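> Here it is, the structure in full.
The values are calculated or read from the model by the stated rules, or taken from the named source; none is laboratory data. None of these values were measured; they are calculated from a predicted model. Note that each Cβ is placed from the backbone with ideal geometry, even for glycine, and that neighbours are counted across all protein chains shown.
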């Protein structure tokens, strides 16, 4: 069955394979998979987003991302969703944003909500059963275990990455790497402290988004610690990112929250690079302690773990990524979910249809698109 799927991004982040946010990267992979499989992909996201399907761009905030900017962005998202439902026969809507309740439309189309972030970050209403015709998806087993009582999770679909661009390089460089959004919960300042203690340069590659708290964190916690030999590289992508991952002695993920998944860890392992991280959230599901990385319980354990991780076998890391973290495994499961909920809607219509009498033959019903309330 050929489908039309509307993927709805978080309103404040562009969608592309190189975006710092994991949710945006997953959306980009799904968009690519839909088009490759012969389906129609529609994507609501900021201008400049990179899509294989049809991008429906929304207005981009041009100021500090405060409450007013967020409220305006959510309003634009809701308008874009209504536009898509008026102009396309949408079979499924897939939401990726933390704030999806602010732009959730009342319509007959089946919905998928992927809970990319720690569940306690979401509004309480998300888990109160008021979302008709909606399938919630967790991205790891550890995340699903944190669901509030009464919450219904339809599936656990682990994230994946495109393995092709990430390959082990030659000789490892003499540096550790932190990669991703530069913000308080990522704890990059702990990696700087640990690398100071063990004498290894740290390269930080990531973007500082214009949220007041992110800017403050960078200015107060990162910049004062960026003395030689440590380096801040800013946002990286493409070949530069791949080379950094392949050349690093290890990747450090010192997150202060329970990560629901970690594309950075998967990309590192695919590049033959071991990972050092805290033993929390989904990271123990991804990292084989002592084989593809080192897990620790407190910041003081990081320096020794970094030195130990640098000696692990990069071939073992790569094999683990090939076995467990392929993007195709993930996208195949989402495409099957789209088909399942679409068929469920068709079956429901058939069951609820009134019997037709006194006609010579069954009249074919017109194709029905999305109807907003």
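> Scan the stretch 37-44 and tell me whether some residue there is surrounded by fewer than 17 Cβ atoms within 10 Å (Cβ to Cβ), out of contact with any strand residue (DSSP E or B) (no Cβ under 9 Å at 6 or more places or on another chain) and at positive phi.
Within the stretch 37-44 (the criterion being surrounded by fewer than 17 Cβ atoms within 10 Å (Cβ to Cβ), out of contact with any strand residue (DSSP E or B) (no Cβ under 9 Å at 6 or more places or on another chain) and at positive phi), the answer is yes, since at least one residue qualifies.
> I'd like to know if the stretch 47-60 contains one or more residues that are within 25 Å of residue 335 (Cβ to Cβ), part of a helix (DSSP H, G or I) and at pLDDT 95 or above.
no
> Consider residue 245 carefully, then state whether it is surrounded by 17 or more Cβ atoms within 10 Å (Cβ to Cβ), in contact with a helix residue (DSSP H, G or I) (Cβ under 8 Å, 6 or more places away or on another chain) and not in a loop (DSSP other than H, G, I, E, B).
When the stated conditions are applied, residue 245 passes them.
> How many of the residues making up the stretch 312-349 are within 17 Å of the chain's Cα centre (by Cα) and in a loop (DSSP other than H, G, I, E, B)?
Qualifying residue count, the stretch 312-349: 1.
> Taking into account only those residues within the stretch 110-139 that are under 19 Å from the mean Cα position of the chain (by Cα) and surrounded by fewer than 17 Cβ atoms within 10 Å (Cβ to Cβ), which is nearest to residue 280 (Cα to Cα)?
Among those that are under 19 Å from the mean Cα position of the chain (by Cα) and surrounded by fewer than 17 Cβ atoms within 10 Å (Cβ to Cβ), it is 118.
> Considering only the stretch 197-217, state which residues are surrounded by fewer than 20 Cβ atoms within 10 Å (Cβ to Cβ) and more than 16 Å from residue 309 (Cα to Cα).
207, 208, 209, 210, 211, 212, 213, 214, 215, 216
> Test residue 142 against the criterion of being surrounded by 15 or more Cβ atoms within 10 Å (Cβ to Cβ), out of contact with any strand residue (DSSP E or B) (no Cβ under 7 Å at 6 or more places or on another chain), in contact (Cβ under 8 Å) with a residue 40 or more places away in the chain and not in a loop (DSSP other than H, G, I, E, B), and give yes or no.
Answer is yes for this residue.
> Among the residues of the stretch 294-307, what is the count of those that are more than 10 Å from residue 198 (Cβ to Cβ) and not in a loop (DSSP other than H, G, I, E, B)?
Here the count works out to 6.
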